[in-house]
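To start, the structure under review is shown below, and the notes come after it.
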Amino acid sequence: TLLDAGAQVVAYDPEGMEAAAAILPGVTMVENTYDAIEGADAVVLVTEWDAFRALDFNRVKRLAKAPVIVDLRNVYDPAELRAAGFAYTSVGRP
C-alpha cells in the first residue's frame, strides 16, 4: 500500500468520513477538499461526489506540490485538465 511504502495519505469524503476513517487506519482525514490537496504530490479522485466535480483547478495547482491528478472515476475532461497544465491520468481511457 502507499502507507506501507512510507507515503502520507490525506483524505476527504463529503459523505463518508466516519466510515472511511474506520476502514483506513493511518490515513489522515481532513475537513474539506482543499485541506486534502494542500501539499499533495498527487490528487487521486476515488469518489464522484458533486463537490469534486466543481473544483477550482487554479486553486488546486496553487495548493498541490505538483499538478498531478489521477481520476479513478473519469469525472474530469482529460483535454481540459492537460490544457490547464495538469499531468492527468484516468482509468479506461487515454
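The values are calculated or read from the model by the stated rules, or taken from the named source; none is laboratory data. Predicted model only: the values in this text are computed from it and were never measured. As a convention, Cβ positions derive from the backbone with ideal geometry for all residues, glycine included, and neighbour counts pool all protein chains shown.
Is it the case that V46 is within 22 Å of G6 (Cβ to Cβ), of a type in the set (V, I, T), in contact with a Lys or Arg (Cβ under 8 Å, 6 or more places away or on another chain) and touching a residue at least 12 places away in the same chain (Cβ under 8 Å)? Yes, satisfied. Checking every residue in segment 36-43 against the condition of being at pLDDT 95 or above, surrounded by 15 or more Cβ atoms within 10 Å (Cβ to Cβ) and in contact with a Phe, Trp or Tyr (Cβ under 8 Å, 6 or more places away or on another chain) gives at least one match. When K61 is tested against (1) surrounded by 14 or more Cβ atoms within 10 Å (Cβ to Cβ); (2) at pLDDT below 95; (3) charged (D, E, K, R), only condition (2) is not met.
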